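Okay, structure first, notes after.
The values are calculated or read from the model by the stated rules, or taken from the named source; none is laboratory data. Worth saying up front: this structure is predicted, and the values here are computed from it rather than measured. Reconstructed Cβ throughout: ideal geometry from the backbone, glycine too, with neighbour counts over all protein chains shown. In case anyone asks, the SASA skips ligands and DNA or RNA and just uses the protein heavy atoms, side chains included. Shrake-Rupley method; radii C 1.70, N 1.55, O 1.52, S 1.80 Å.
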Amino acid sequence: MLSIALLPTLFVPGCRETAFIYAITSAAVTHAIARACSEGTIDTCNCETHYRGRPQVFSNGNNAAVANVRDFEWGGCSDNIGFGFDVSREFVDTGERGKTLREKMNLHNNEAGRWHVQSQMRQECKCHGMSGSCTVKTCWMRLPSFRVIGDLLKDRYDGASHVTASNTGHNRNANKAHSNRLPKNPKLNAIMSNSIHAKRENRRKQHKYGFQLKPFNPEHKPPGVKDLVYYEMSPGFCEKNPKLGIQGTHGRQCNDTSIGVDGCDIMCCGRGYRTQEVTVVERCNCTFHWCCEVKCDICRTKKTVHTCV
Amino acid sequence: MPGTILENLSGRKLSVLVVILLSAQLACFLIGLLSPSPATSQGILSTVCVDDNPDADNINRWFTKQCKEIHLNQEKATVGLDAKNLVFVVQMPRHDILDFSRWQQNLVGVLQIDVVYQVEQKLDPIIELTLDARLAYSDKTSTGGRTPWQYYAHAEEKRYMDCSFEDTTIKDKNGYPYNCSMVPLFELGAISHDYYLLNLRLPYNYTVQKNTGLGRIEDVYLHVIHMNGGFTKIWISLKTFFFPIIIAIMVWFWNRVHILNRTPALLEYMLMGLGGTLAFLNLPVEYLTLIFDMPYMLLLSDIRQGIFYAMLLSFWLVFAGEHMLIQDNGERNTLKMYWKHLSTIVIGCLCLLIFDLCERGVQLLNPFYSIWVTPIGTNLALSFIILAGISASLYFIFLCYMIWRVFKNMSIKRSILPSMSQARRLHYEGIIYRFNFLMLVTVVCAALTVVSFILSQVAEGQNKWDENMDLELTSALHTGVYGMWNVYICAMLILYAPSHKQWSADPICAEGEEVEFSRLPTEASPNEISSLTSFASKASIE
């Protein structure tokens with residue numbers, strides 16, 4: 001099975017940007033799987049939960065489908081969002097054993113990505129008791145929009161924690177944490193037919209893999225579950241570097257009033273920028289009506305554009 | 001003169017009874033722990049299908065997941081399409097390999113419409129939706145296939161949705177989600193088919209203002225809530241268990257009353273009525289839903305519960321009244337004496353019944369109906385509920401007043417107790433003690449009900465993500481409370497049954513003490529249910 005390593009780990013430094021990529025990938029996997037589940041396109045994410053006290057009618061265990069149907073009749077289907085987390089944890093974290101600092105960093109950032117999906121979930125409830133009163137109430141979690149998660153992770157990227165290798169007794173914890181994990185290289189189907197214990201163990205380790213990263217600056221707080229972590233400084237993004245996949249900032253548009261990274265001072269790396277006045281054709285005064293019609297005027301506006309040299 | 005079992009039962013027998021009842025209660029709670037939660041929801045993302053021929057007038061034209069599908073977030077795919085071309089398709093249950101079972105009892109559908117921000121578009125905070133919803137069903141065939149989709153229901157309904165845009169810090173809001181409320185869609189009183197299919201359209205019409213306030217929709221989810229088969233099974237087994245018991249106790253009780261050769265007292269009638277409504281509530285008609293299509297089950301169970309609660313409330317009122325000496329020298333008490341108090345219950349229950357008929361009654365004809373969508377309907381529903389609430393509060397004022405008077409009378413009786421002889425005093429103190437004990441039981445039961453209601457709200461309401469909950473507390477609370485009221489009424493029937501012990505055989509009388517009751521005018525009228533009441537009337541005469 002593929003690891004998260006869309007980019008080979010060897011060539012990519014453990015910097016801020018990498019942290020962001022790992023976090024958003026694991027968040028995206030969680031999100032996409034949960035969404036696909038509620039679409040009904042993944043067959044394995046139905047009722048994997050075995051209920052306590054349910055009569056064990058399928059002790060032979062041959063017929064998983066029958067078991068599923070019976071589980072569904074007995075206690076309904078478990079939450080698809082939970083399945084998204086489980087798959088993300090199994091799929092994205094595969095190969096990260098948590099032994100080296102880099103692997104710990106990856107695991108931590110993956111977990112942070114999932115944490116943000118979870119933190120943005122909202123609970124919705126419906127009362128359906130006697131005469132529609134709340135004597136019986138059923139609640140479920142609502143999957144957040146991925147845009148919101150992306151924004152949050154971007155904020156975390158801006159405030160990512162610089163960590164360093166710690167030297168005391170963390171290997172033991174890391175190993176312990178991993179002994180609880182499911183076997184490596186499971187097929188997705190196999191995960192689902194696994195026993196409840198594995199699932200429970202995973203749940204318990206939801207936020208932590210059992211290690212604590214140390215902040216680079218000892219006066220800072222250690223990073224929390226929601227923080228992105230990195231341990232190497234980012235390479236320069238000013239000049240083109242095909243080996244690292246860096247495009248450089250030559251010719252990029254910048255904002256001359258901003259003091260952030262999109263500001264011309266920072267983005268152009270002190271090389272200076274060109275200012276042009278251009279006429280832009282834009283859609284404006286739009287009206288929308290359901291379902292698919294957007295009526296817009298075409299407006300021509302003059303804009304000042306700054307480009308890095 | 002015979003009293004009730006409560007006064008004549010020895011302490012040992014009473015404690016045995018209490019132990020039996022408490023263990024039954026505990027068993028009810030424990031059996032609930034075995035059960036899954038009462039209901040589960042399943043969120044299903046709708047498939048957006050293109051209807052190339054939207055004007056076709058064939059009610060049995062169904063779109064399934066295997067259709068010409070588009071994604072609404074891809075703007076190019078929707079170019080040239082009209083609102084009537086889009087059909088949101090939801091197949092229930094979510095996965096093809098699963099099918100609904102009749103054990104799952106009923107189905108509630110709630111829509112979640114994800115609206116995203118569109119350039120320069122202003123949404124009203126409250127959007128009026130027009131939903132054209134059609135339901136179809138299908139069944140498994142014996143060969144493992146499915147029957148073709150059959151029409152079940154169709155309606156064009158209005159709904160309201162509150163939408164807000166929370167984050168104002170975003171510069172380019174395009175594509176960001178609105179925060180919209182859930183939209184209740186349908187309620188099916190019975191799951192009598194294996195598969196259901198929803199075809200939902202959101203027609204746009206400017207002239208009649210259909211869906212004109214609607215923004216860009218990205219996703220439509222349907223959350224279907226069904227009862228859990230496991231919970232239903234355990235619930236029915238509880239009912240099946242209690243039903244014969246309560247019938248047996250009622251038969252025994254009535255025999256006891258008849259042995260006495262007197263017309264039964266009002267409280268005895270009330271107890272029989274209470275037992276009867278409980279038996280009706282316990283009657284496991286749910287078994288029939290496994291065979292027959294009974295969409296009126298929701299309404300029926302509401303009515304059954306309503307009758308039971310009405311009877312229970314009336315019983316408390318009469319119970320307090322009968323121990324308060326409002327009878328005039330032992331004249332036969334009838335319900336007429338309580339008409340003022342009972343009318344609060346009757347009015348309250350009638351209001352709720354009318355409300356229920358307006359909501360769930362109409363849903364029998366149109367599962368998409370909701371009384372809450374039109375302003376008139378909302379006002380009507382609210383006024384019925386408020387009226388019911390007023391009656392309920394009046395009832396509780398009456399009840400509390402009566403109980404207060406009972407306790408006041410009792411304290412008066414207590415003050416004259418020392419003037420009595422030792423044996424009789426002990427006897428009466430015992431009666432008062434047991435009466436108080438039962439009052440206490442009632443209060444404890446009511447309090448436990450309230451507490452478990454709050455607990456189940458909390459248990460259901462909490463975010464289960466960080467929890468490692470192995471136990472399903474909600475079900476246990478439901479079965480616990482249900483069992484508690486069964487046990488409570490069984491105890492009432494047993495303890496307030498007439499005793500066969502005769503006072504002549506009682507050591508109090510054997511000692512030759514003056515039997516106070518024999519002097520009472522009430523002695524001739526055999527309607528006195530307990531000697532406590534006789535004692536109390538005697539004291540009031542004195």
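Which number in (1) hydroxyl-bearing (Ser, Thr, Tyr); (2) under 30 Å from A:GLN123 (Cβ atoms); (3) assigned to a loop (DSSP other than H, G, I, E, B) marks the one condition that B:THR64 misses?
The failed condition is (2).
Tell me, which helices (runs of 4 or more DSSP H) wholly within the range B:228-292 include 3 or more residues that are free of Cβ contacts under 8 Å to residues at least 12 places away in the same chain and open to solvent by 70 Å² or more (accessible area, probe 1.4 Å)?
The helices (runs of 4 or more DSSP H) meeting that bar are B:229-259.
Can you go through A:CYS299, A:CYS254, A:CYS268 and tell me which one is within 14 Å of another protein chain (Cβ to nearest Cβ) and either surrounded by fewer than 14 Cβ atoms within 10 Å (Cβ to Cβ) or within 31 Å of the chain's Cα centre (by Cα) (or both)?
Step by step, each of A:CYS299, A:CYS254, A:CYS268 is checked, and only A:CYS299 is within 14 Å of another protein chain (Cβ to nearest Cβ) and either surrounded by fewer than 14 Cβ atoms within 10 Å (Cβ to Cβ) or within 31 Å of the chain's Cα centre (by Cα) (or both).
Is the range B:16-34 home to any residue that is open to solvent by less than 20 Å² (accessible area, probe 1.4 Å) and either without any contact (Cβ under 8 Å) to a residue 12 or more places away in the chain or assigned to a helix (DSSP H, G or I) (or both)?
yes
Kindly list, by first and then second residue, each pair from a residue in the range B:103-114 that is more than 10 Å from every other protein chain (Cβ to nearest Cβ) to a residue that is assigned to a helix (DSSP H, G or I) and modelled with pLDDT of 90 or more, limited to pairs with Cβ atoms under 6 Å and residues at least 6 apart or on different chains.
B:GLN105/B:THR232
Matching residues to (1) facing chain A (nearest Cβ under 9 Å); (2) more than 37 Å from the chain's Cα centre (by Cα):
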position: B:THR212; (1), (2): yes, yes
position: B:LEU222; (1), (2): no, no
position: B:MET227; (1), (2): yes, no
position: B:ALA265; (1), (2): no, no
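I need the full set of residues from the range B:73-102 which are open to solvent by less than 10 Å² (accessible area, probe 1.4 Å) and either in a loop (DSSP other than H, G, I, E, B) or at the interface with chain A (Cβ under 8 Å from one of its Cβ atoms) (or both), in order please.
B:THR78, B:ALA83, B:LEU86, B:PRO93, B:ARG94, B:HIS95, B:LEU98, B:PHE100
Please go through (1) open to solvent by less than 80 Å² (accessible area, probe 1.4 Å); (2) over 28 Å from the mean Cα position of the chain (by Cα); (3) modelled with pLDDT of 85 or more; (4) not aliphatic (A, V, I, L, M) for A:GLU282 and return the number of the only condition it doesn't satisfy.
Only one criterion is unmet by A:GLU282, namely (3).
Among the residues of the range A:80-104, how many are in contact with a Ser or Thr (Cβ under 6 Å, 6 or more places away or on another chain), closer than 27 Å to A:PHE216 by Cα and assigned to a helix (DSSP H, G or I)?
Residues flagged as in contact with a Ser or Thr (Cβ under 6 Å, 6 or more places away or on another chain), closer than 27 Å to A:PHE216 by Cα and assigned to a helix (DSSP H, G or I) within the range A:80-104 amount to 1.
Residue by residue through the range B:115-125, note down the ones that are among the charged types (D, E, K, R) and more than 7 Å from chain A (Cβ to nearest Cβ).
Answer for the range B:115-125, where residues must be among the charged types (D, E, K, R) and more than 7 Å from chain A (Cβ to nearest Cβ): B:LYS122, B:ASP124.
When the range B:38-59 is examined, which residues are found to be within 12 Å of chain A (Cβ to nearest Cβ) and in a strand (DSSP E or B)?
Matches in the range B:38-59: B:ALA39, B:THR40, B:SER41, B:GLN42, B:GLY43, B:ILE44, B:LEU45, B:THR47, B:VAL48, B:VAL50.
Name the strands (runs of 3 or more DSSP E) wholly inside the range B:138-222 in which the number of residues that are open to solvent by less than 10 Å² (accessible area, probe 1.4 Å), farther than 28 Å from B:LEU298 by Cα and of a type outside the set (Ser, Thr, Tyr) is 2 or more.
none
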